[in-house]
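Step one of this worksheet: look at the structure below.
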Amino acid sequence: MRILFACVGNAARSQMAEAFCRELGRDIECASAGTGPARALMPETIAVMDEVGLDLSAARPRGFANLPPARFDIIVAMGRDVVPPFLPCDKLVKWRIPDPLGRDIGFYRRVRDRIHKQVRDLLDSLGRLRPDETRDR
């Protein structure tokens, strides 16, 4: 099963989703990309993910052209402003997650927690949630 998380800059939302997918998923390949990749991850993204034990300090934003050629089972667009280019996939899912760019750290935390829940729920619905994943975070 291959999942791609897409947002605008690949500097916050989709990077968070990819990290949670890697942590929570079982037999999943996941990636993230942006329609207009930023130069670097937002420092707030790194900080709020560090708070939950996920280190994104080495992650770098990438665009769709930087993805290896492959078919995705699911592409998750992280917001209304995200229109991924045509990529072969079985299903396009749209999540209405606001872009935290320019917002305070509390807003980043709320976005992180919402993404965590939605990734967990997606993996659970696919039968790909790790059995040892606790529901409380």
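The values are calculated or read from the model by the stated rules, or taken from the named source; none is laboratory data. Keep in mind that what you see is a predicted model, and the values were worked out from it rather than measured. With ideal geometry, Cβ positions are generated from the backbone for all residues, glycine too; neighbour counts draw on all protein chains shown.
Among Asp132, Asp55, which is assigned to a loop (DSSP other than H, G, I, E, B), over 16 Å from the mean Cα position of the chain (by Cα) and under 23 Å from Glu23 (Cβ atoms)?
The unique qualifying residue is Asp132.
Given Arg120, Arg103, Arg13, which one is of a type in the set (Lys, Arg) and touching a Pro at 6+ places or on another chain (Cβ under 8 Å)?
On inspection, the qualifying residue turns out to be Arg13.
Among (1) under 20 Å from Asp124 (Cα atoms); (2) among the charged types (D, E, K, R); (3) in contact (Cβ under 8 Å) with a residue 24 or more places away in the chain, there is one condition Asp81 misses while meeting the rest; what is its number?
Tallying (1) under 20 Å from Asp124 (Cα atoms); (2) among the charged types (D, E, K, R); (3) in contact (Cβ under 8 Å) with a residue 24 or more places away in the chain, Asp81 fails exactly one: (1).
For the range 100-115, what are the residues that are surrounded by fewer than 20 Cβ atoms within 10 Å (Cβ to Cβ) and either among the basic types (Lys, Arg) or within 14 Å of Phe5 (Cα to Cα) (or both)?
Arg103, Arg109, Arg110, Arg114
Looking at Ile3, Ile46, Ile75, which is the one that is more than 17 Å from Val111 (Cβ to Cβ), modelled with pLDDT of 95 or more and not in a loop (DSSP other than H, G, I, E, B)?
After applying the criteria, what remains is Ile3.
Scan the range 84-94 for residues that are exposed (fewer than 12 other Cβ atoms within 10 Å of the Cβ) and touching a residue at least 12 places away in the same chain (Cβ under 8 Å) and jot them down.
Pro85, Pro88, Asp90, Lys91
For Asp73, state whether it is touching a helix residue (DSSP H, G or I) at 6+ places or on another chain (Cβ under 8 Å) and surrounded by fewer than 16 Cβ atoms within 10 Å (Cβ to Cβ).
Criteria not met by Asp73.
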